[in-house]
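Below: one structure, written as C-alpha cells.
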Amino acid sequence: MDLPLIARVARCCKPMIISTGLASLAEMGEALETARANGAAGVVLLHCVSSYPAPIEEANVRTVPDLAARFGVVTGLSDHTPGTAASVAAVALGAAVIEKHFTLARGDGGPDAAFSLEPAEFTALVADCKAAWQALGSATYDELGSERAAAGHRRSLYVSADVKAGGVLTKANIRSVRPGYGLAPKHLGEVLGRRASRDLRFGEPLDWSMLA
C-alpha cells in the first residue's frame, strides 16, 4: 500500500475509505495505523478481490465481518463480480459501504464493462442492499405485529362432533385443526378422557371452561 499517499490524505482530517485489494493483513494494519496517526476522521476498509471481473465463487464476502472484527473498523466491499449478489450478501454480513463500477451502457465497451452496472441495475442494487439491511433486524422469537393476523393459520383443538354435557372427550370428537383460536394442540393429552362441562357443538374452539 502507498503509505505516503495514505498519510497525505489522512492529514485532510476527513473520513477515509481504503480498498484492501492485493494487500496482506500486515499491510492492511500498516495502512490503518498510518491513516489514524495522521488524523483520519475514521477509516472504512473495503474487502476487495483485485480481479476484473472477479469470479463470484472467489468473492469471499465473509471477509467483510472478519475485517471488522480484526481491525475494529467499519467495513464494506469493493465489488468486481458481475451482478449484485455479492454486494447484497456482503450487506447481509454487515457491510456498510459498497463500491461498484457504473456504466451508462455495457455495449459501449471498455475494460470495466463486463462487471459494471447499468443505471437500472444500479437502482436495483441500491434497493436490494437497503432491503437486505432492513431485513437483518434483530434476533427475536416473539410474535411480531405483522404475524398477529396470521394466528388463524396455527392449529388448535376443536370440537369435531357434538358432545352432550358429561360426555367423554375422545379422538372421535376432539381434533387439532385450523384456525388457532382453541387450546394449543400440546394439550390434547390433558383433554382426552375429560368430560364436557356443558353441551359442546361441532366446530367450537375448545377451552378449559368447557371441561368438567
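The values are calculated or read from the model by the stated rules, or taken from the named source; none is laboratory data. Just so you know, these numbers come straight off a predicted model, no measurement behind them. Using ideal geometry, Cβ is built from the backbone for each residue, glycine included, and neighbour counts are taken over all protein chains shown. Side chains are part of the model used for accessible areas, which takes the heavy atoms of the whole protein and leaves out ligands, DNA and RNA. Shrake-Rupley method; radii C 1.70, N 1.55, O 1.52, S 1.80 Å.
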Where only protein heavy atoms count, and the probe is 1.4 Å, what is the accessible area per residue for the chain in Å²? 58
Under unit Cβ charges (Lys, Arg +1; Asp, Glu -1), what dipole magnitude, rounded to 20 debye, does the chain have relative to its Cα centre? 1400
Additional length obtainable on full extension of the chain from residue 128 to residue 153, 0.36 nm per residue less Cα span: 6.0 nm
Taking amide H positions as placed in the peptide plane 1.01 Å from N, state which residues far from residue 46 in sequence (5 or more) or on other chains have amide H under 5 Å from it. 18, 19, 20, 76
Would you mind giving the three semi-axes, in whole Å and largest first, of the ellipsoid equivalent to the range 1-105 according to its Cα gyration tensor? 24, 14, 13
Determine which residues of the range 64-101 fall in the zone a paramagnetic label at residue 17 would reach in this model, i.e. backbone nitrogen under 11 Å from the point 7 Å along Cα→Cβ. 76-79, 96-101
Charge tally in the Cβ shell below 10 Å around residue 46, where Lys, Arg are +1 and Asp, Glu are -1, residue 46 excluded: -2
Using modelled backbone amide H atoms (1.01 Å from N, in-plane), which distant-in-sequence or interchain residues come within less than 5 Å of residue 174's amide H? 160
Among all helices in the chain defined by DSSP H, which have a length of 24 Å or more along the axis from Cα atoms plus a Kyte-Doolittle mean of at least -0.5? 119-136
Equivalent ellipsoid, the range 67-169 (semi-axes from 5 times Cα gyration tensor eigenvalues, Å): 51, 19, 10
Once you have the Cα-Cα distance between residue 57 and residue 192, take 0.36 nm times their residue separation minus that, and quote the gain in nm to one decimal. 43.0 nm
Label-point separation, residue 138 to residue 3 (7 Å along Cα→Cβ), nm: 4.3
The computed P(r) of the chain puts the percent of Cα pairs beyond 31 Å at 50
Could you look at the chain and say what percent of its accessible area is carbon and sulfur, using a 1.4 Å probe and all protein chains? 56
